[in-house]
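The values are calculated or read from the model by the stated rules, or taken from the named source; none is laboratory data. Computed from a predicted model, the values in this text were never measured in an experiment. Glycine also receives a Cβ, built like all others from the backbone with ideal geometry; neighbour counts cover every protein chain displayed. Only protein heavy atoms, including side chains, enter the accessible area calculation; ligands, DNA and RNA are left aside. Shrake-Rupley method; radii C 1.70, N 1.55, O 1.52, S 1.80 Å.
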Amino acid sequence: MKAAVLYRAGGPENLRLEERKIPAPSKGEVLVKVKAFGLNRSEIMTRKGYSESVHFPRILGIECVGEIVEDASGEFHKGKKVTAFMGGMGRDFDGSYAEFAVLPKSIISPFESELPWEVLGALPEMFQAVYGSLHSALKIKKGETILIRGGTSSIGLLAAELAKSESLEVISTTRNISKQNLLLDNGADKVLIDDGNLSNQISDQNIKIDKILELVGTTTLKDSLASVVQGGIVCMTGMLSEQWSIKDFAPMDYIPAGTFLTVYDSGQMRMDGHYFQDFINEIENGNIHPKIKKVFKLEEIVEAHTFMESNSGGGKIVVVL
């Protein structure tokens, strides 16, 4: 099989395409023929060496869609369409940047769909992150105002569309004023240009923010906490800033009294598989429109990583095999 292997941390050029023997599943595992996968910011961070627990060589990739090739238990028949994500995938064991992947059954969810693989490949982690953030972490309610910080990312765009469909007032942010119409056309009622000090803009305009989906990460988290109303919730889900931690974190100084800070991590909280099937059904019925920015082939994985680092935003980057 063809696989993109990372032997040492560094730039996109360190991803080497090579021929490998197709791996064999052990007990509790299945062999999946990978059909497509989405790129994720965390994979760039791992590639750069920011994930200290990851040992090389490693095949990256924290999500995929594909078909079952082998399941000794007989639970999944050959050819069954499945999705897989997180659970150590692409970090503790080899992931989806390959034509075949051996994956634990615990991270597998079956589904039915006639959508193209390039669309299906964009969905697993994006859906989990958005649905889990909005419902499990932020506990959104009709009539609330939600601010989505990092609105032009694939997660930000989908979150705006889903929040709007559930009758929330949606405010999205971007650092680039030219992306304003993209956000307004995708569910945002209002757009703020993020200069790093949104709390001042929100205070000056007397805007009441109930919930904030923080996708930029640690560099803007303190400002987001200062932007939400007392009793409001800030959920950090993304790390577009590519920083894991906050230096000299002092909770009493950092978090305003009565404000709630949480995170959503699909490696710790997983939405049941039937929610993913419902999501696919909504797409097939034309009710949800996930944004795909660009599609690459596995042979173009270096170009795909380079493109993702350009931070152009506007949708998910997908690799189709």
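Things to note:
- Looking across region 191-220, just one residue is outside any loop (DSSP other than H, G, I, E, B), open to solvent by 10 Å² or more (accessible area, probe 1.4 Å) and within 18 Å of V263 (Cβ to Cβ), and that is K211.
- Count of residues meeting criterion [touching a residue at least 60 places away in the same chain (Cβ under 8 Å), open to solvent by 30 Å² or more (accessible area, probe 1.4 Å) and within 19 Å of T306 (Cα to Cα)] in region 24-71: 4
- Restricting region 296-320 to residues that are at pLDDT 95 or above and open to solvent by 60 Å² or more (accessible area, probe 1.4 Å), the residue that is farthest from G151 (Cα to Cα) is E299.
- Region 221-231: number of residues that are open to solvent by 30 Å² or more (accessible area, probe 1.4 Å) and among the aliphatic types (A, V, I, L, M): 2
- Any hit, region 168-186, residues being under 20 Å from M308 (Cβ atoms), open to solvent by 70 Å² or more (accessible area, probe 1.4 Å) and under 19 Å from the mean Cα position of the chain (by Cα): no
- Verdict on T237 being among the polar types (S, T, N, Q), touching a Phe, Trp or Tyr at 6+ places or on another chain (Cβ under 6 Å) and at pLDDT 90 or above: yes
- Test set (1) more than 27 Å from E242 (Cα to Cα); (2) open to solvent by 40 Å² or more (accessible area, probe 1.4 Å); (3) at pLDDT 95 or above; (4) not in a strand (DSSP E or B) - E13 fails condition number: (1)
- Scanning region 272-295 for residues that are open to solvent by 70 Å² or more (accessible area, probe 1.4 Å), in contact (Cβ under 8 Å) with a residue 60 or more places away in the chain and within 17 Å of the chain's Cα centre (by Cα) yields Y275, H289, K293.
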